[in-house]
Amino acid sequence: MHNRALQVLILIIASSLIFGCARNRKETTASVEDKSEGLTAEELAAKTQGTADSQGLEGSAVGEDLTGQAGVSSSDRIIYFDYDSSTVKEEYRPIIEAAANYLAANPSATVTLEGHTDERGSREYNLALGERRSQAVQRQMVLLGASTNQIHGTSYGEERPADPGHDETAYAQNRRVEVIY
Amino acid sequence: MKRKMLRWLLVLFLVSASNAHAVLTVKITRGADKPLPIAVVPFRSGGPLPEDMAAVVAADLERSGRFAPMAVEDMPATLSEIGFQDWRLLGMENLVVGGVTPSVNGYDVEFTLVDVYKGQKLYAYKGSTSANNLRFTAHQIADIIYEQLTGEKGAFATRIAYITVRGSGAGRKTYTLQVADSDGYNPRTLVQSPAEIFSPSWSPDGRKIAYASLEARTSAVYVQDIATGQRQAVATGRGINSAPEFSPDGSKLALRRSVDGNPEIYVLHLSTGLFQRLTNDPAIDTEPTWSPDGQRIAFTSDRSGSPQIYEVSLVSPSPRRITFNQGDYNARPRYSPDGRYLAVVNGGGNGYQIGVLGLNDGSFRIVTDTYQDESPSFAPNGGMIIYSTLGAGGTELAASSVDGRVRQRIDLQGGEEVREPAWGPFRK
């Protein structure tokens, strides 16, 4: 319980660094999911600390020096999408490159890609949209040197929102693919 | 080998309709312009009954939005002494009187429907039932009255299936698949799981429900027997298996799979376990549903760039687009029982509502005025569409008549979210 709370806190700090402090994180606090099964809270803390050090508190973009590492914080492993779109935006290429490099360098390693959508529209269509988002990310990783069988793609559709809110701010957080190392 | 794949699993079957189950309550938010006045007089009985039959009948009729049953307290005190003339003076057009008497096997039930103005008996009924079935018998009586007075078949003696979600936060939610009477009574939990359950679909005989679940590593489709709780995993394995819909004859399931990488529509022949692929397109193809004659399948596809409804014939699988001028987002189609209409989730600038497309005349009407409406499901008589919507406490159920004139809000007491209603078939 304590570990989880700590992880949640760290994830929030990490994402604030990336997205700035503009949005109200209140609702997110209660709902950020623990998707970092592979890492202990200490490891996460250590790596997230590295993020803060290298970027400074005003950092607003993913630093080049982080891209070589396997995903460590939410900002390093979550790719966000536009409404009803599975086009991977250029700004998330470092996340995909980092994962592809990691997989290419460690042929026995695997990652899971979890596709998610916002709650709008029909549930089954969203399940398919989340699936297509994870497939879009998978294709890019394979083009960059990862092997298809190192990547397990899945979708939760609108079932597991990162932010339970019902506004565009929440929706933007929920249209995502999470890279799970 | 197929048999191996179709392995039967016994799951915990929760029989009791215990107090742990919250009951759905239905409120009319918009009724017909001139609901028909009717007096359903409390049924005569020798002693106290487990159910107030007349109250169940009156509540059914009122919930339809097409009747205005008289409150019992407004009825004359000496019912036996008053004649048609008096009911006319009270503004009633129709009168229901009935009686229940204990018998060897349960109860004998009789009722008479009277047209007060003509002074004529419209319908008289005599039958027997058990204590457990008194409510069901009352719903059947309401069906008869509804049909006699509106000319349309009633659908009160039916059930609905739906999904509930309790709790919040990752790993702390509980999902259930439940079945209840159409008025929300007698809820029963068929499946309870910490993993997501979705897309319930009734078999046409009302004995089984197909659904998808994320309890395995990826989504699989199950068919579960309602009475025994026995279930069968019918579509598992690579990719996502979901969106099952029973064919009208019950021998097949339409569903979507991504076993070959892309979501496509398949037909599963339940007797052989063989899958027949119907679509082949790099776009999303999902949410298949059967036309009432079992000859065609409508589904959602974004092959044109945004989700729209397509229809494919089982014999010549070349999909044909059927939504063109209804906005950028049309999904999750369901045919009306007579095949004349298609209910869809219609999205645009104002969120998502339920739209009804006339398949013969191309008409289109938005029939809901709520927010983020999903999962439309026709009553088996085609009169109402039940769906899920976003309420103050999360998703909840609502219903609308096909013409949009009667609307209901269906609340579940107890802080659970309710979604994905599926209206069951007529009971035999």
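Readers should treat all values here as calculations from the given coordinates under stated rules, not as data from a laboratory. Bear in mind that the values here come from a model prediction, so they are computed numbers and not experimental data. Here the Cβ positions follow ideal geometry from the backbone for every residue, glycine too, while neighbour counts run over all protein chains shown.
Observations on the structure shown:
- FRET efficiency, B:D249 to B:V104 (Cβ-Cβ, R0 35 Å, nearest 0.05): 0.35
- Selected from B:L397, B:Q372, B:A422, residue furthest toward positive end of dipole (segment B:363-428; charges at beta carbon): B:A422
- Computed from phi, the 3J(HN,Hα) profile of segment B:238-245 under the Karplus parametrisation 6.51, -1.76, 1.60 (θ = phi - 60°) reads 3, x, 9, 10, 6, 6, x, 9 Hz, with x in place of Gly and Pro.
- Distance histogram for segment B:31-150 (every C-alpha pair counted, 5 angstrom bins, percent rounded to whole numbers): 2, 11, 23, 24, 20, 13, 5, 1, 0, 0
- Cβ-based exposure ranking for A:V179, B:V26, in which fewest neighbours within 10 Å come first: B:V26, A:V179
- Shown for B:V259, B:V315, B:V179, B:V221: other C-beta atoms within 10 Å of each C-beta, ranked fewest to most, produce the order B:V315, B:V259, B:V179, B:V221.
- For segment B:300-316, the Karplus equation 6.51 cos²θ - 1.76 cosθ + 1.60, evaluated at θ = phi - 60°, returns couplings of 9, 9, 10, 5, 8, x, 9, x, 9, 9, 10, 10, 10, 8, 5, 8, 10 Hz by residue, with Gly and Pro reported as x.
- Residues in segment B:126-169 that a label on B:T112 would reach, taking backbone N under 19 Å of a point 7 Å out along Cα→Cβ: B:126-128, B:141-142, B:144-146, B:148-149
- Each of B:Y125 and B:Q295 was given a label point 7 Å from its Cα along the Cα-to-Cβ line. The distance between the two points is 3.5 nm.
- The residue among B:G305, B:L357, B:S103 whose Cα reaches farthest toward the positive pole of the charge dipole of chain B, with charges on the beta-carbon of Lys, Arg, Asp and Glu, is B:G305.
- With R₀ set to 56 Å, the beta-carbon distance separating A:L144 from B:E147 gives a calculated FRET efficiency near 0.30.
- Table column - 3J(HN,Hα) (Hz), segment B:91-106, Karplus curve with 6.51, -1.76, 1.60, x for Gly and Pro: x, 7, 9, 9, 9, 10, 10, x, x, 10, 10, x, 10, 4, 9, x
- When only Cα pairs below 8 angstrom with a gap of at least 6 residues are kept, chain B shows a relative contact order of 14 percent.
- For B:T29, the residues whose modelled amide H falls within less than 5 Å of its own, excluding neighbours fewer than 5 places apart on the same chain, are B:R407, B:Q408, B:R409.
- Among B:V402, B:V57, B:V367, the order by Cβ neighbours within 10 angstrom, fewest to most, reads B:V402, B:V367, B:V57.
- Of all DSSP beta bridges in chain B, antiparallel share, percent nearest 5: 95 percent
- Entries in B:K208/B:K428; B:K34/B:K428; B:K34/B:K153; B:K34/B:K118 that, when Cα-Cα distance is taken, lie over 24 Å: B:K34/B:K428
- A Förster radius of 51 Å combined with the Cβ-Cβ distance from B:L89 to A:D167 puts the calculated FRET efficiency at roughly 0.35.
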